[in-house]
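Structure, as structure tokens:
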Amino acid sequence: MFGLVHLVPGDPVRLALGTRFSQESYDALRERSGLDQPLVEQFFGWFGRALTGDLGVSFRSGETVTSQIAERLPATLTLAFASILVALLIAVPLGTVSALRPRSLVDRVATVISQFGISVPDFWMGIVLILVFAGTLGWLPSGGYVPLTEDPGAWLQRLLMPALVTGVVSGSVITRFVRSSVLEALGADHVRTAQAKGLGTRQVFTWHVLRNALLPLVTVTGVQLAYLLSGVVVVEIVFSWPGLGQLALQAVQARDYPVLQGAILLFALVFLVINLVVDLLYSAIDPRIRR
Amino acid sequence: MTAPVLEVEDLRVRLRTPRGPADVVNGLSYTVGAGETVAVVGESGSGKSVSVLALLGLLPARVATVTGRAVLQGEDLLTMPPQRLRQVRGPGAGMVFQDPMTSLNPVLTIGRQLVEGIRAHGDVSKQAARGRAAELLREVGLPDPERALDRYPHELSGGMRQRVVIAIALSNSPSLLIADEATTALDVTVQAQIIDLVEKLQDEHGTGVIWITHDLGVVAGIADRVLVMYGGRCVEDGTVDDVLERPAHPYTRGLLGSLPDLAAPVGPDGEVPELTAVPGLPPPPTDLPPGCVFWPRCPVRADPRCETEQPPLAVVSRAAAAGPGGATASGAHAGDGAGLPHRAATWCAEEEVPRG
């Protein structure tokens, strides 16, 4: 990853200095940012400092990378969790209903909706929402982010549209999974045993179908959450949402290596943590995995 | 004889399949008395399982059309409202399924699966239901029942799991127990244990049992009466002795002939006599023959009507077997106590060959 970042053509020092600069100031900045050293040394230096929590200083702003990430993190966390909530609210009922009545009208409509959600570009959906709700109807602001602690009302207003866009996209993916896993759980032999015991329909469904369909749902939700946490760049830009995706994109444009490396390190950590959580949930859900 | 626990009359099941409607069960009638075991035998695809699943409304309603009458203790299962049917599943009829590896929910404990069945049919406290569950597990011979309650199905062997399934089926003291290939997936020693267990429980509780199997060895061991199914029809029924010793229908004879006979003489060079198979396959339920369902595979075909006309289920007996149309026979066999006639849907009963 480190190598890849440095392989990208373009000189960060040149970009930081603008169009007119002297050789002296160029060399000075190069030395200050450690870019004059061999790449291997740069890597180990960075890696060693990263282990102590020091991710370096941004070439562009001069702020520490950790503070820049910390600044963006709340916005990203907010959007990611709101989106996954929207996604689950869409996917679980829709997937379940279509699994209960396969090939029915409901199922077909659900399939069309989720295919739509998967295939329509998110920026387009975002722009349409802005045009309708911010433009024509004027109900919601077109973008921006206000922390929850400052003004909960404004926070929710600004969160609604981006969360809906990313939620619909993730929800469409999850719907397909819910449908197939519920369908599979419904066909299991033990469902018939439960019915033969004389359990009510709801009890059979909750404890012998949904409960067993949970495992694949947890997996796919984890994957979606990891994706959302690593920043949904396009949606962030459309809604001027100051998340990590935007930060990473700006870092790429400015060849701001420390920020980019910091962001990538964070994304990798997010994936690791989510995978761990998913694995832990697995063993909580399925006794066969427990030891 | 006391009033039967279950009286099935002209049961028909039609399934919607991609290849058109399939007549899986075609006019099945039988009764099960209290404490009586009726074995339903037939090869795969003869409609055995479907016929009992239909009784309890366990076939998917979107694909299955069930008609006829099935009176369980005075109430018709096929016309009762779903809510009532739910109450009957359990206390009215318990069911044991074929594969113990899949018929328990893998993510719930044994205890939970027993308790929810008990609590579905009575206002029982969790604690009391748990006690009852442990008692049931002890009754079906599970070692250390208290601890078994907290175990998951994957922690038990197949035989133990089937005992749990039986415990679940018995948890509401049903008047009818339906065992659908309950021992097929188990090895022979476990099979024998399960059969003994069911017989013992049946003696204690006077439960009527429908035992579905394709294993004629099991039939001889457990059944009072046998019903042979083929192509969704009953082709022969009667007491175990009548059907197994004096089979009248060519299909039953074929089925019996395909059993290995351990007493058969071994050839001079140690050669074992070959098994006689019934050639061919059962007719697809989407395309049943117009006449006798067995006609396409029948080695006898002694009557020209067989091809075009379905022979009625008529009483046969050894005395009457001399002439075609055993229906005129004077009645049931004496001696088996059940007092039930030996019937077969065939015009070819005179071909009877005593089985060696």
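Read the figures in this text as sums done on the coordinates, not as results from a lab. Small disclaimer: the values here were computed from a predicted structure and weren't measured. Cβ sites come from the backbone with ideal geometry, for glycine too, and all protein chains shown count toward neighbours.
Cα-based Rg of region B:144-183 per 2.2 N^0.38 Å, rounded to two decimals?
1.26
Can you find, among B:GLY122, B:PRO4, A:ALA254, the residue sitting farthest towards the positive end of the charge dipole of the protein assembly as shown, where Lys and Arg contribute +1 and Asp and Glu -1 at Cβ?
A:ALA254
In whole angstrom, how far apart do the alpha carbon centroids of region A:214-231 and region A:20-70 sit?
Here the two parts' Cα centres lie 34 Å apart.
Placing +1 at every Lys and Arg Cβ and -1 at every Asp and Glu Cβ, with all other atoms neutral, what dipole size does the protein assembly as shown have around its Cα centre, in debye to the nearest 20?
So the dipole magnitude of the protein assembly as shown works out to roughly 1960 debye.
Quick check: the angle from helix B:188-205's long axis to the longest principal axis of chain B, C-alpha only, nearest 10 degrees?
That helix lies at roughly 80 degrees to the long axis.
Give, rounded to the nearest 20 debye, the magnitude of the charge dipole that chain B has about its Cα centre when Lys and Arg contribute +1 at Cβ and Asp and Glu contribute -1 at Cβ.
The calculation lands at about 1400 debye.
How big is D for the protein assembly as shown, in µm² s⁻¹ as a whole number, if Stokes-Einstein is applied with the Kirkwood radius of its Cα pairs at 25 °C and 0.890 mPa s?
Using the Kirkwood radius from Cα pairs, D works out to 81 µm²/s.
Highest mean first, how do B:91-100, B:137-146 rank when packing is the count of other Cβ atoms within 10 Å averaged over residues?
Packing order, densest peptide first, comes out as B:91-100, B:137-146.
Which whole number gives the average, over all residues in A:208-214, of C-beta atoms from other chains lying within 10 Å of the residue C-beta?
Numbers: counts 5, 1, 0, 3, 4, 0, 1.
Taking the mean over all residues of the peptide, I get 2.
May I ask for the angle, rounded to the nearest 10°, between helix A:257-285 and the longest principal axis of chain A, with both axes built from Cα atoms and the value confined to 0 to 90°?
For helix A:257-285, the angle is close to 20 degrees.
Using alpha carbons only, how many angstrom separate the centre of region B:80-105 from the centre of region B:131-145?
Here the two parts' Cα centres lie 20 Å apart.
Which whole-Hz ³J(HN,Hα) couplings does region B:179-186 yield from phi under the Karplus relation 6.51 cos²θ - 1.76 cosθ + 1.60, θ = phi - 60°, glycine and proline marked x?
10, 9, 6, 5, 10, 4, 8, 9
Cross-link candidates for B:LYS126: which lysines have Cα within less than 21 Å, leaving aside residues fewer than 8 places away along the same chain?
Filter leaves A:LYS197.
Enter the mean number of other protein chain beta carbons within 10 Å of the beta carbon of each residue in B:87-95, as an integer.
Per residue, the number of nearby Cβ atoms from other chains is 3 on average.
Which aspartates and glutamates, on any chain, are close to B:LYS200 with Cα under 12 Å apart, when same-chain ones fewer than 8 places away are left out?
Here the aspartates and glutamates satisfying the reach criterion relative to B:LYS200 are B:GLU139.
What share of all Cα pairs of region A:72-285, in percent, falls into each consecutive 10 Å distance bin?
8, 28, 31, 21, 9, 2, 0
Using the charge dipole of the protein assembly as shown (Lys, Arg: +1 at Cβ; Asp, Glu: -1 at Cβ; taken about the Cα centre), state which of B:VAL96, A:PHE205, A:TRP155 has its Cα farthest towards the positive end.
So the residue we want is A:TRP155.
Taking only Cα atoms of region A:63-181, what ratio of Rg to Rh do you get with Rh as the Kirkwood inverse-distance radius?
Over the Cα atoms of region A:63-181, Rg/Rh equals 1.07.
How long is the gain from A:LEU280 to A:LEU85 if the chain were fully straight, where each residue apart is worth 0.36 nm and the alpha carbon distance is subtracted?
Full-extension gain reported as 68.2 nm.
5 Å is the cut-off here: which amide hydrogens, built 1.01 Å from N in the peptide plane, fall below it relative to B:ALA345, excluding neighbours closer than 5 in sequence?
Those qualifying (amide H under 5 Å, at least 5 residues apart or on another chain) are B:GLU236, B:ALA314.
If eta is 1.002 mPa s and T is 20 °C, what Stokes-Einstein diffusion coefficient results for region B:6-223, Kirkwood Rh from Cα pairs, in µm²/s?
In µm²/s, the coefficient is 120.
Would you mind computing Rg(Cα) / (2.2 N^0.38 Å) for region A:1-144, counting N as its residues?
1.66
Report the FRET efficiency, 1/(1 + (r/R0)^6), for B:SER157 and B:ASP123, where r is their Cβ-Cβ distance and R0 is 45 Å, rounded to 0.05.
0.85
From Cα pairs below 8 angstrom and at least 6 apart in sequence, can you work out the relative contact order of chain A, rounded to a whole percent?
Across chain A, relative contact order equals 26 percent.
Report the charge-dipole magnitude of region B:18-80 in Debye, nearest 20, computed about the Cα centre from +1 at each Lys and Arg Cβ and -1 at each Asp and Glu Cβ.
It works out to roughly 240 debye.
Roughly what % antiparallel, to the nearest 5, for the DSSP beta bridges in the protein assembly as shown?
Working: 32 of 51 bridges.
Expressed as a percentage, antiparallel bridges in the protein assembly as shown total about 65.
For the protein assembly as shown, build the charge dipole from Cβ charges (+1 Lys, Arg; -1 Asp, Glu) around the Cα centre, then report which of B:ASN105, B:VAL32, A:ILE264 sits farthest towards its positive end.
About the Cα centre, the residue reaching furthest to the positive side is A:ILE264.
Once you average over the residues of B:119-127, how many Cβ atoms of partner chains fall within 10 Å of each Cβ?
1
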